[in-house]
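The values are calculated or read from the model by the stated rules, or taken from the named source; none is laboratory data. What you see is a predicted model, and the numbers here were worked out from it, not measured in a lab. Note that we place each Cβ from the backbone using ideal geometry, even for glycine, and neighbour counts take in every protein chain shown. Surface accessibility is based on the protein's heavy atoms, side chains included, excluding ligands, DNA and RNA. Shrake-Rupley method; radii C 1.70, N 1.55, O 1.52, S 1.80 Å.
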Amino acid sequence: MPSQRTASEFLRAGRYGVLATLSRSLPGYPFGSITPYVLSAVGEPVIYISTLAEHTRNIGADPRVSLTVFDPADAADPQAGARLTWIADAYALDAPASAAVAERYYRFFPAARAYADMHDFGFYALRPVRLRYIGGFGKIGWIEPHEIDLSNPLADAEAGIVEHMNGDHADALRAYCRHFLGREARQVTLVGADADGVDLLADGAALRLPFAARAESVDALRQQLIALLRETREAAGGA
């Protein structure tokens with residue numbers, strides 16, 4: 001059985017997955033396509049799709065779906081890399097829930113903000129039924145929903161954290177990129193923060209920085225960010 005921490009971090013680090021729905025036009029056959037997602041405060045993948053999309057029509061007829069997440073970096077040998085299949089029931093988010101997740105989604109995918117005024121787009125969450133995680137050779141197993149915790153205890157504070165870091169600590173964000181990407185990034189933006197790490201966009205590319213220990217509070221997150229910055233400075237000093 002793979003560790004739940006590893007499966008959790010893998011899903012947090014992902015941005016895209018292959019969403020499979022049950023085809024309405026070809027009954028009994030799965031229909032799959034690549035779909036962006038973010039995690040909600042309770043840890044469910046959330047997708048943003050149009051009522052005109054094939055997936056939306058399929059979900060309306062049968063909510064059973066799966067989302068398969070993989071790492072594009074493993075393209076040379078994808079079967080040797082990690083992947084996770086999130087088997088779920090999809091459901092449309094109501095107005096309050098949509099408002100709660102919308103800004104997070106737009107931070108991760110800025111181009112999607114252009115769809116905000118289009119009334120045919122809506123947010124759907126994927127409530128887990130069971131997960132299948134392959135972490136590499138010999139690391140294969142099923143995970144029950146209660147065995148993995150993807151909730152974000154910092155959800156209410158996240159927007160403030162993002163604004164503070166982008167407004168007051170841009171130098172630190174660039175330092176993270178120099179160290180973890182090995183290059184300078186012209187534009188770096190913090191887009192997400194949770195108990196297990198932070199998410200950045202570096203010149204439009206996604207970068208996930210996991211923490212060495214969970215941060216259940218804003219103060220604990222601050223300490224983890226300081227530790228990451230200390231790591232970058234020590235590496236630069238030793239270069």
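Using the structure shown, decide if E234 is among the acidic types (D, E), touching a residue at least 60 places away in the same chain (Cβ under 8 Å) and loosely packed, with under 14 Cβ neighbours inside 10 Å. I'd like the intermediate steps shown before the answer.
Working: among the acidic types (D, E): yes; touching a residue at least 60 places away in the same chain (Cβ under 8 Å): no; loosely packed, with under 14 Cβ neighbours inside 10 Å: yes.
Judged against the criteria, E234 is not a match.
Could you count how many residues in the stretch 157-216 are assigned to a helix (DSSP H, G or I), hydroxyl-bearing (S, T, Y) and surrounded by fewer than 21 Cβ atoms within 10 Å (Cβ to Cβ)? It would help to see each step written out before you state the result.
Quick first cut of the stretch 157-216, residues assigned to a helix (DSSP H, G or I) only: 157-168, 170-181.
Narrowing the set further to residues that are hydroxyl-bearing (S, T, Y) leaves 176.
Next, from what is left, pick out any that are surrounded by fewer than 21 Cβ atoms within 10 Å (Cβ to Cβ): none.
Summing the residues that are assigned to a helix (DSSP H, G or I), hydroxyl-bearing (S, T, Y) and surrounded by fewer than 21 Cβ atoms within 10 Å (Cβ to Cβ) in the stretch 157-216 gives 0.
With assigned to a helix (DSSP H, G or I), in contact (Cβ under 8 Å) with a residue 40 or more places away in the chain and over 15 Å from the mean Cα position of the chain (by Cα) as the only criterion, which of A100, A90, A111 stands out? Break it down into steps so the answer makes sense when it comes.
Working: A90 fails: assigned to a helix (DSSP H, G or I); A111 fails: in contact (Cβ under 8 Å) with a residue 40 or more places away in the chain.
Selected residue: A100, the only one of A100, A90, A111 that is assigned to a helix (DSSP H, G or I), in contact (Cβ under 8 Å) with a residue 40 or more places away in the chain and over 15 Å from the mean Cα position of the chain (by Cα).
From the residues in the stretch 22-39 that are among the small types (G, A, S) and closer than 19 Å to T85 by Cβ, which one is surrounded by the most Cβ atoms within 10 Å (Cβ to Cβ)?
From the stretch 22-39, those among the small types (G, A, S) are 23, 25, 28, 32-33; that's our starting set.
Applying the additional criterion that residues be closer than 19 Å to T85 by Cβ yields 23, 32-33.
Values: S23: 18, G32: 16, S33: 11.
Step by step, filter the stretch 22-39, then rank; the result is S23.
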Check: Mind checking which residues of the stretch 89-99 are under 27 Å from N166 (Cβ atoms) and open to solvent by 80 Å² or more (accessible area, probe 1.4 Å)?
Finding: P96
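Applying the selection to the stretch 45-62, what residues are outside any helix (DSSP H, G or I), open to solvent by 20 Å² or more (accessible area, probe 1.4 Å) and modelled with pLDDT of 95 or more?
As a first pass, look at the stretch 45-62 and keep what is outside any helix (DSSP H, G or I): 45-53, 62.
Now restrict to residues that are open to solvent by 20 Å² or more (accessible area, probe 1.4 Å): 48, 51-53, 62.
Scanning the stretch 45-62 gives Y48, D62.
Looking at V42, V65, which is the one that is part of a loop (DSSP other than H, G, I, E, B) and either among the charged types (D, E, K, R) or within 27 Å of K139 (Cβ to Cβ) (or both)? Full working, then the answer.
Values: V65 fails: part of a loop (DSSP other than H, G, I, E, B).
None of the others qualify; the one that does is V42.
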Notebook entry, point to check: On the given criteria, is S3 of a type in the set (S, T, Y), modelled with pLDDT under 90 and either surrounded by fewer than 21 Cβ atoms within 10 Å (Cβ to Cβ) or touching a Pro at 6+ places or on another chain (Cβ under 6 Å) (or both)?
Noted result: yes
Margin query: Looking at the stretch 169-195, I want the residues that are closer than 21 Å to S217 by Cβ and have a partner that is open to solvent by 70 Å² or more (accessible area, probe 1.4 Å) with Cβ atoms under 6 Å, at least 6 apart or on another chain. Which pairs are those?
Written below: A195/R214; A195/E216
Check: Give me the pairs: first residue in the stretch 203-223 and closer than 12 Å to P153 by Cα and at pLDDT 95 or above, second residue among the charged types (D, E, K, R) and open to solvent by less than 50 Å² (accessible area, probe 1.4 Å), beta-carbon distance under 7 Å, and six or more apart or on different chains, which are they?
Finding: none
Item checked: Residue that is surrounded by the fewest Cβ atoms within 10 Å (Cβ to Cβ) [pool: residues in the stretch 135-155 that are over 13 Å from L84 (Cβ atoms) and of a type in the set (G, A, S)] -> G138
Next item on the list: Look through L200, L173, L190 and report the one residue that is more than 16 Å from A41 (Cβ to Cβ), modelled with pLDDT of 95 or more and in contact with a His (Cβ under 9 Å, 6 or more places away or on another chain).
Entry: L190
